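Participant: Below is the structure I would like to discuss, written out as structure tokens.
Every number in this text was worked out from the coordinates using simple rules, so none of it is lab data. Bear in mind that the values here come from a model prediction, so they are computed numbers and not experimental data. Cβ coordinates were reconstructed from backbone atoms using ideal geometry, including for glycine residues, and neighbour counts include every protein chain displayed.
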Amino acid sequence: MIVNRFPSLRPAGHWLLLCAGSGALAVLLAVRGVQLALPAWGFNAGQALLGCLMAQSLQPRQLAAVWAHAPLFLGATLLLIGASTVLGWWLMRRQVMPGSTALWGMTPGASAAMVVLAGQYGADMRLVAFMQYTRLLLITLVAALVSRAVLGDAAVGATAAAPAASAWWGQPSAAGLGWTAALVLLGTLLAPRLRLAGGAMVLPLLGAVLLQNLWGQAPALPPALLWLSYASLGWSVGLRFTHAILRHALRTLPQVLLCTLLLMLVGLATGAVLHWATGLDALSAFLATCPGGADSMAVIVAGSAVDTGFVMAMQLARFLLVLLIGPALTQRVARACRL
């Protein structure tokens, strides 16, 4: 197993394998005709917890490093979004995926948020999830290999010094749990009313950032809550699959893998430029430009000896930019392909 061979990413491996495994189980149940559906609030609560996790990595000192090289980082972000759009356009032209599904599936934002946005804008969220999580699994494997090659035994020591992820509940403070509950309620109740794209994740993320940077408070995230978060995301999407959708997904796997690898190469090249231009360590530069999505990177960097705040600042900057321009961009490209 990846988790055992690459201990530098052991916590990430646990959470991501849980997400993939629970999603696969949900797909199996769905295609066998089991009629189950996770309530919408469960999916939103999972996104809210992920938003809180991402916010933990955002501190003013890390953001200052990004701001110091803003033009370079903006260019890197736009390059990756542009590459994903071109690859998605190619998949559409080849009729590998229907409508704007290919575009949303290739978009390097946050996997869960891209699935939600795709559904809101008429794409097939099941196939988008298939594309997003295929890329997620590949990137997790590559990140484990790169981390092990770069850090070696130092990665193991870094993980050993980190808080144990094996404790189901830990010792969270009552105040921390209270803030977590408030932010989850914010994401599950307010976001649907505001009709804010990705709001179930974005509102708790922004709320948690304000809490920790202005008032010195932070939501508590015991491993058990993260377990439920990833399981809910896997169940929500997996239970929507049918035999026909599953067959179509498997038929398109070679093209999806090809485009995913090409996008990863663009990210790798961009990371090399950042490393050369800013002096950032190679692993942090690689993870900062990796097209895995802000949610998956939040989990991966939690177990790696890298500049976590910098990586998350870059990933979240791309995620927020995708939220701003993604819907209009995908709709315009989809319309152009139909002409």
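Participant: Taking the convex hull of the alpha carbon atoms in the stretch 247-293, what volume per residue do you get, in Å³?
Facilitator: Once divided by residue count, the hull of the stretch 247-293 is 58 Å³.
Participant: How many angstrom lie between the Cα centre of the stretch 257-282 and the Cα centre of the stretch 227-252?
Facilitator: 29 Å
Participant: Defining a contact as two alpha carbons under 8 Å apart and six or more residues distant in sequence, what relative contact order in percent does the stretch 219-339 show? Present the calculation step by step, with values, prior to reporting the outcome.
Facilitator: Working: 54 pairs, mean separation 18.9, N = 121.
In percent, rounded to a whole number, it is 16.
Participant: Bin width 5 Å, origin at 0, all Cα-Cα pairs of the stretch 214-253: what percent of pairs per bin?
Facilitator: Reading the bins upward from 0: 5, 17, 14, 15, 13, 11, 9, 6, 5, 4, 1.
Participant: Follow-up question, since we're still on this one. Evaluate 2.2 N^0.38 Å with N set to the residue count of the stretch 170-212, then give the Cα radius of gyration divided by it.
Facilitator: Expressed relative to 2.2 N^0.38 Å, the Cα Rg reads 1.21.
Participant: In 10 Å bins starting at 0, how do the alpha-carbon pair distances of the stretch 239-339 split up by percent?
Facilitator: 14, 31, 35, 17, 4
Participant: Residue separation times 0.36 nm, minus the C-alpha to C-alpha distance between Thr242 and Leu321: what's the value?
Facilitator: Values: separation 79, 0.36 × 79 = 28.44 nm, distance 3.27 nm.
Contour length minus the Cα-Cα distance gives 25.2 nm.
Participant: Sort the stretch 181-283 into rounded, prolate or oblate with this rule: let a ≥ b ≥ c be the square roots of the eigenvalues of the Cα gyration tensor; rounded if a/c is under 1.5, and if a/c is not under 1.5, prolate when a/b is larger than b/c, oblate otherwise. Intermediate results must be reported in sequence, preceding the final value.
Facilitator: Working: a/c = 2.36, a/b = 1.13, b/c = 2.09.
Because a/c hits 1.5 or more and a/b fails to exceed b/c, the stretch 181-283 counts as oblate.
Participant: Using a 10 Å cut-off around each Cβ, can you sort Ile245, Ile139, Ile300 from fewest to most neighbouring Cβ atoms? Please list the in-between numbers first.
Facilitator: Values: Ile245 17, Ile139 24, Ile300 28.
Ordered by Cβ neighbours within 10 Å, fewest first: Ile245, Ile139, Ile300.
Participant: Another question, if that's okay. If you rank Thr270, Thr107, Thr308 by fewest surrounding Cβ atoms within 10 Å, what's the result?
Facilitator: On the way: Thr270 24, Thr107 31, Thr308 21.
Listing Thr270, Thr107, Thr308 from fewest to most nearby Cβ atoms yields Thr308, Thr270, Thr107.
Participant: Name all residues of the stretch 211-247 having a backbone nitrogen under 19 Å from the label point set 7 Å from the Cα of Ala174 along its Cα→Cβ direction, giving them as ranges.
Facilitator: Residues 217-222 fall inside that zone.
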